[in-house]
1. Considering only the range 119-133, I want to know if a residue exists there that is among the polar types (S, T, N, Q) and more than 16 Å from ligand 2 (Cβ to nearest atom).
2. Out of everything in the range 67-84 that is touching a Gly at 6+ places or on another chain (Cβ under 8 Å) and in contact (Cβ under 8 Å) with a residue 40 or more places away in the chain, what residue ends up being nearest to Asp154 (Cα to Cα)?
3. Does the range 42-59 include one or more residues that are hydrophobic (A, V, I, L, M, F, W, C), farther than 20 Å from Ala307 by Cβ and part of a helix (DSSP H, G or I)?
4. On the basis of being more than 16 Å from ligand 2 (Cβ to nearest atom) and not charged (D, E, K, R), does Leu283 make the cut?
5. Can you tell me which of Thr164, Thr157 is among the β-branched types (Val, Ile, Thr), more than 18 Å from Ala262 (Cα to Cα) and assigned to a loop (DSSP other than H, G, I, E, B)?
6. Read through the list (1) within 16 Å of ligand 2 (Cβ to nearest atom); (2) free of Cβ contacts under 8 Å to residues at least 12 places away in the same chain; (3) under 19 Å from Trp12 (Cα atoms), then give the number of the only condition that Gln49 fails.
7. When residues of the range 296-324 are filtered for being farther than 16 Å from Pro148 by Cα and crowded, with 23+ Cβ neighbours inside 10 Å, how many remain?
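FYI, it's all coordinate maths here, none of it is from the lab. Just so it is clear, the model here is predicted, and its values are computed rather than measured. All Cβ positions, glycine included, derive from the backbone under ideal geometry; neighbour counts span all protein chains shown.
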Amino acid sequence: MATIPLQPTTTWQLPNWQGRDFLDFADHSAIDLQDLLTLAIDLKEKQKQGIPFRPLAGKTLGMIFEKASTRTRVSFEVAMYQLGGHALFLSSSDTQLGRGEPIPDTAQVLSRYVDGLMIRTFGHEIVTELAQYASIPVINGLTDLHHPCQVLADILTLWEKKGTLKGLTVTYIGDGNNMANSWLVAAPKFGINLRIATPPGYECDAAVVEQANNLAAQHGTSILLTHDPVEAVQGTDMIYTDVWASMGQEQEQQERMNHFAAYQVNEELVKHAKPDYLFMHCLPAHRGEEVSAGVIDGPNSVIFDEAENRLHVQKAILVATMAP
Ligand code: CP
Ligand code: NVA
């Protein structure tokens, strides 16, 4: 596996990414994903140095939201602005999508107006159908199955803090949801060993687990799936958690609180990790539920660097897929 150069790259045109969709890590090779991360590092450096970079002048990104968002909406809109382009917020409640216009029609119509589409929705098949009918790049801004933009930001943060990725161990504690699924397919491609502890009945998607096990064998990494949070956290480099009830599962909140009670990331659990472990959370977080305030607001937490990196990795995705 190639190591990511510590120096920012000067190459921003990535032929393997032009015109492509970004829906699921499984669709992209380890090398292509590492190129994307290198580009994100370069774009972050440019922005920090105040160097203007506007390869998307005249380009428009349509952003379809069928669920709420703070980070995804704001970071994509700011990303397009900084790259010289424009972003359009398209809420399903204000467009014909919310009144049942078919996805294939929506995809083909929007492809005549905009240069790229970002979508946050429920079923992953909605995103794949949109991508199938759109003639422009489609970016997955979260589905019930995957949240790849978030995990790419997490991986950039991990690389920045640890100086390497290969051989690190990441532990995810909690619901086997979109975050856990995206970590499963991403970790092997970056040489990261992954452990996931979920309560019984809340395991990750079985097809994604199978995909991940194959990738781990191919890339020489390990994956541990367990119901024991202490086993999962033992000597780990990073602990990750997410809400117990995701968007669309609000009615299960109470029932989940009971099933997940033993899976809180708190001061007692983190004692089993390396002393310099990092804590990450995609946010929004519920202090006192999946994580104690002491851990999320403590010295090992990097949640705001992680949130910032959404901007930088998404700029890389936009440049790589949409720039001429
Ligand atoms: N982490 C994340 O995707 O946040 P938003 O729901 O605020 O977009
Ligand atoms: N699992 C959470 C992630 C939010 C960014 C959800 O889908 O609601």
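1. yes
2. Among those residues, the one meeting the criterion is Thr72.
3. Looking for residues that are hydrophobic (A, V, I, L, M, F, W, C), farther than 20 Å from Ala307 by Cβ and part of a helix (DSSP H, G or I), one finds none in the range 42-59, hence no.
4. no
5. Numbers: Thr157 fails: assigned to a loop (DSSP other than H, G, I, E, B).
Exactly one of Thr164, Thr157 is among the β-branched types (Val, Ile, Thr), more than 18 Å from Ala262 (Cα to Cα) and assigned to a loop (DSSP other than H, G, I, E, B), namely Thr164.
6. (1)
7. Result for the range 296-324: 2.
Each row is one residue, and each column tells you yes or no for (1) surrounded by 19 or more Cβ atoms within 10 Å (Cβ to Cβ); (2) over 20 Å from Gly248 (Cβ atoms).
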| position | (1), (2) |
| --- | --- |
| Gly98 | no, no |
| Ile103 | yes, no |
| Thr106 | yes, yes |
| Tyr113 | no, yes |
| Glu129 | no, no |
